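Working notes, beginning with the structure itself.
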Amino acid sequence: MIEDSARFPPVDPVKVGLKGCCPRCGEGKLFDGLLSLKPRCAACGLDYAFADSGDGPAVFVILIVGFIIIGSVLWLQVNYGPPIWVHALLFGPLTIVLSLLSLRWCKGIFVALQYRHNASEGQISSD
């Protein structure tokens, strides 16, 4: 990582995570499709094998999107009292779109933060 800092200036993990760019150079694309990572950066050659965001992004998405959707459902129900099909028609697609978008953003940020802090899987030392 020391040699990386000499060749590549540090990038903001939140900005590159939201844009879906490489956490080292900020130029290459991080994702291959909607949520799967590319094997490496096309611009700087960084191998993305280190990246393992696990279930972290999904937890944040469930909490944040759930709060937004349930709050909106309750507000609509209390103020206007529409039938259930209106809720399903409005909030079903909205939940899916918000979840997929925010999952991509959270995953990108998590991967960028892993790279920035040189995070890796914990291991037990056998002394």
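Read-outs: derived from the displayed coordinates by stated rules, not from any lab. The model shown is predicted, which means the values in this text are computed figures rather than measured ones. Cβ placement follows ideal geometry from the backbone for every residue including glycine, while neighbour counts extend to all protein chains displayed.
Return the label of the correct value of Rg and Dmax of the Cα atoms in Å, as calculated from the structure shown, out of (1) 13.4, 40; (2) 25.1, 94; (3) 19.0, 66. Evaluating Rg and Dmax of the Cα atoms in Å on these atoms matches (3).
Modelled label positions at LEU101 and LEU63, each set 7 Å beyond Cα in the direction of Cβ, lie 2.2 nm from each other.
In this rough spin-label picture, where each label sits 7 Å from Cα along the Cβ direction, the PHE31-TRP85 distance is 3.4 nm. The helix-only estimate of mean residue ellipticity at 222 nm for the chain, built from DSSP H runs of length n ≥ 4 each weighted as -39500 (n - 2.57), is -19000 deg cm²/dmol after division by the residue total. Against the chain, whose longest principal axis comes from its Cα atoms, helix 84-116 is set at around 10 degrees. The H on the amide N of PHE31, modeled in the peptide plane, is under 5 Å from the matching H of LYS38, each at least 5 residues off or on a different chain.
With axes computed from alpha carbons, what is the tilt in degrees of helix 56-80 against the longest principal axis of the chain, rounded to the nearest 10 within 0 to 90? Result, in degrees: 20. Computed over the chain with a Gaussian network model linking Cα atoms closer than 10 Å, the most mobile of LEU30, LEU103, LEU94 is LEU94.
The dipole here belongs to the chain: it is taken about the Cα centre, uses +1 on the Cβ of Lys and Arg and -1 on the Cβ of Asp and Glu, and is about 460 debye.
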